[in-house]
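One structure is given here, and the rest of the page talks about it.
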């Protein structure tokens, strides 16, 4: 009987009995991770997850929503804890925040918190069961940050789905993202407008709990 229940749990929730599945949103700053997290939470929980800003590193601490349940077109349910992580960066300079209009004291504080957030994001990789890597489809996908993120995930053998975000913008080039990372499934979406997000949910069923 226990084996049957365990298999049923695996089918419905993507993981055998034990700790909840963790799905992490990773990517560079301002790629739209928190906007996507808000989209998922609004769609399925009726509430947002975090604040967004045009200034990089708005999210500087790990945020998690527990027991998010989504459904696919077949009516199957998938439950997971959604983890929104600070943007990964190889360089954080407080002067960049000052250029964006922040006072020096605030900029230095933001830089310290952002640096700490990057370290925490990398540490949390060891706890992730699956990861959605959110990339800005208007930017060069061959950046050092993107290669570092996906290289770390590949080394850890964590199931990955790549999101080419911001397809509502004319500068977006999904094929460029697909060419950069042919080993992964790439879904083009707009987390801001909701374009193709339903397709993302379908793909999440295939990735979460692999």
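The values are calculated or read from the model by the stated rules, or taken from the named source; none is laboratory data. Here the structure is a predicted model, which means the values were calculated and not measured. In this analysis, Cβ positions are derived from the backbone assuming ideal geometry, glycine residues included, and neighbour counts consider all displayed protein chains.
Which of the helices (runs of 4 or more DSSP H) found entirely inside segment 130-210 contain at least 3 residues meeting this: within 16 Å of the chain's Cα centre (by Cα)? First the steps, then the outcome.
Details: elements: 144-156, 174-180, 197-207.
Of the helices (runs of 4 or more DSSP H) lying wholly inside segment 130-210, those with at least 3 residues that are within 16 Å of the chain's Cα centre (by Cα) span 144-156, 197-207.
Restricting attention to segment 97-121, report how many residues are surrounded by 15 or more Cβ atoms within 10 Å (Cβ to Cβ), touching a helix residue (DSSP H, G or I) at 6+ places or on another chain (Cβ under 8 Å) and outside any loop (DSSP other than H, G, I, E, B).
Of the residues in that region, 6 qualify.
Quickly run through segment 122-133 and pick out the residues that are buried (at least 20 other Cβ atoms within 10 Å of the Cβ) and more than 13 Å from residue 21 (Cα to Cα).
If the condition is that a residue be buried (at least 20 other Cβ atoms within 10 Å of the Cβ) and more than 13 Å from residue 21 (Cα to Cα), then 132, 133 are the ones that fit.
Pick from 153, 161: which is buried (at least 20 other Cβ atoms within 10 Å of the Cβ) and at pLDDT below 95? Quick ask: steps written out before the conclusion?
On the way: 161 fails: at pLDDT below 95.
Matching residue, one of 153, 161: 153.
Residues of segment 72-95 being surrounded by fewer than 17 Cβ atoms within 10 Å (Cβ to Cβ) and touching a residue at least 40 places away in the same chain (Cβ under 8 Å), which ones?
Residues of segment 72-95 that are surrounded by fewer than 17 Cβ atoms within 10 Å (Cβ to Cβ), as a first pass: 72-77, 90-91, 93, 95.
Passing the criteria: 72, 73, 76, 77, 90.
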